[in-house]
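To start, the structure under review is shown below, and the notes come after it.
The values are calculated or read from the model by the stated rules, or taken from the named source; none is laboratory data. It should be emphasised that the depicted structure is a prediction, and the values quoted were computed from it without experimental measurement. Counting neighbours? That spans all protein chains shown, and the Cβs are built from the backbone with ideal geometry, glycine included.
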Amino acid sequence: MFGRKSAFEELVQRQENRVYRTALAILGNVQDAEDQTQDTFLKYLEKRPVFESREHENAWMITVTRNGAISRLRRKERQALPLEIDIPVPGPEEREEIEELFQLPPEDREVIHLHYYEGYSGEEIAAMTGTNPATVRSRLSRARKKLKALMEVEP
Amino acid sequence: MKTKYQNYMDRQHVSPELHQKLTKLKGKEQKTVIHWQKWAVLAASLILVIGIGLFAARRFSGVSSNAAGADGAPAMEFSSQAEEAAPMEADSAAGAASEAAVKESGDFQAAKTEAAEEESAEDVAAIDETLTQYATDFIGDAPNVVGIASHMTYPGQWQYDHVELHTDAPPYGLDIYLTGNGTQEETEFQPLADTAFALIGNLDQVTFLSSETGDEIASFRR
């Protein structure tokens with residue numbers, strides 16, 4: 001009984017970094033990403049969804065995080081609050097590319113993260129974000145051209 | 001063999017403090033909303049209403065039989081007025097019967113209204129108690145803030161969906177997202193905002209929004 005993790009603790013362990021990274025990619029701000037991570041797990045506790053598979057669980061966590069992060073950004077825009085970029089400092093060999101990435105609009109960063117980090121296809125991203133697959137493809141293509149060095153596999 | 005972006009993101013982890021906060025969330029999950037007091041008040045009210053109903057039914061049936069037997073001797077259980085007027089004509093006895101019936105009916109209605117008011121007052125007290133148990137000094141206390149937002153009664157068809165907390169810098173804000181639709185009148189939301197300000201110590205601003213459209217319904221500053 002003691003030392004054994006509950007199902008919720010296991011879910012936190014499994015999903016916290018995925019949720020946090022997704023929030024950070026979209027929001028570009030550590031504090032906001034941490035707040036959003038908390039909100040996502042609160043949402044889970046409120047809704048108590050039943051997942052059919054691990055992929056379903058991943059997609060649910062990412063979609064809730066994504067929706068929350070976008071709402072957060074819209075609220076800041078409505079209140080005319082500055083969208084401050086405050087990310088963990090990149091290493092010297094990647095600084096330029098990472099800084100360039102976080103200059104892109106949040107919608108582009110979202111697509112880049114979901115494709116290049118989480119490995120979702122253009123169609124899957126379109127379904128998750130409620131956008132047109134063509135829009136997703138054009139965002140990815142723009143990112144590929146602009147951030148070639150960042151998206152290339154390192155030797 | 002990873003991209004620079006993957007390498008950068010792989011290095012980003014939640015802080016140990018945030019991990020602690022997340023795992024503690026489970027302690028507050030799924031609070032019981034209905035209390036035994038609420039059930040007790042409901043049962044007592046039900047017994048009272050049934051008792052009044054049975055009493056009134058018995059009295060009404062007595063009144064009917066008296067009214068029907070107006071040409072005979074007046075029944076004893078009729079009313080004190082009728083007893084005193086025993087030598088009265090049958091017509092005047094029937095008139096007194098209907099007068100008493102109206103009086104009884106009025107008493108029954110008053111008792112019923114009183115019971116309903118008592119029940120309603122008890123319900124309000126129970127709801128208030130439900131909310132006050134989540135009272136907190138800080139907007140960052142997410143489980144309690146969610147407890148407050150999710151247990152408030154929203155006007156019209158609005159229903160609680162989720163909240164967003166703004167804890168990084170003042171003004172500390174609470175966004176309450178609602179589903180459905182209903183009134184957009186700010187005055188309807190004022191009591192809810194007052195409740196939120198009363199229960200959350202450092203809350204500066206509360207905003208009600210539609211979760212479907214993201215549009216603001218009403219916003220209040222302390």
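With respect to the conditions (1) at pLDDT 85 or above; (2) more than 10 Å from chain A (Cβ to nearest Cβ), B:HIS35 falls short on a single one, namely (1). Beta carbons closer than 7 Å, at least 6 apart along the sequence or on distinct chains, pair a first residue in the range A:55-75 that is assigned by TED's automatic domain parsing to the domain that holds A:ALA25 and under 16 Å from A:ALA126 (Cα atoms) with a second that is in a helix (DSSP H, G or I) and of a type in the set (Asp, Glu) for A:ARG66/A:GLU110. Comparison of B:GLY173, B:GLY182, B:GLY214, B:GLY201 shows that the only residue that is under 21 Å from A:ASP35 (Cα atoms) and more than 9 Å from chain A (Cβ to nearest Cβ) is B:GLY201.
Scanning the range A:85-114 for residues that are surrounded by 18 or more Cβ atoms within 10 Å (Cβ to Cβ) and among the aliphatic types (A, V, I, L, M) yields A:ILE87, A:ILE98, A:LEU101, A:LEU104, A:VAL111, A:ILE112, A:LEU114. Out of the range B:162-190, which residues are surrounded by 14 or more Cβ atoms within 10 Å (Cβ to Cβ), outside any loop (DSSP other than H, G, I, E, B) and among the β-branched types (Val, Ile, Thr)? If the condition is that a residue be surrounded by 14 or more Cβ atoms within 10 Å (Cβ to Cβ), outside any loop (DSSP other than H, G, I, E, B) and among the β-branched types (Val, Ile, Thr), then B:VAL163, B:ILE176, B:THR179 are the ones that fit. Looking at the range A:1-102, the helices (runs of 4 or more DSSP H) lying wholly inside it that each contain 2 or more residues that are facing another protein chain (nearest Cβ under 10 Å), hydrophobic (A, V, I, L, M, F, W, C) and over 28 Å from B:LEU174 (Cβ atoms) sit at A:95-101. The listed residues are A:ALA80, A:ALA134, A:ALA127, and the only one of them that is assigned by TED's automatic domain parsing to the domain that holds A:GLY28 and without any contact (Cβ under 8 Å) to a residue 40 or more places away in the chain turns out to be A:ALA80. The number of residues in the range B:123-139 being under 18 Å from B:TRP39 (Cα atoms) and at pLDDT 85 or above comes to 1.
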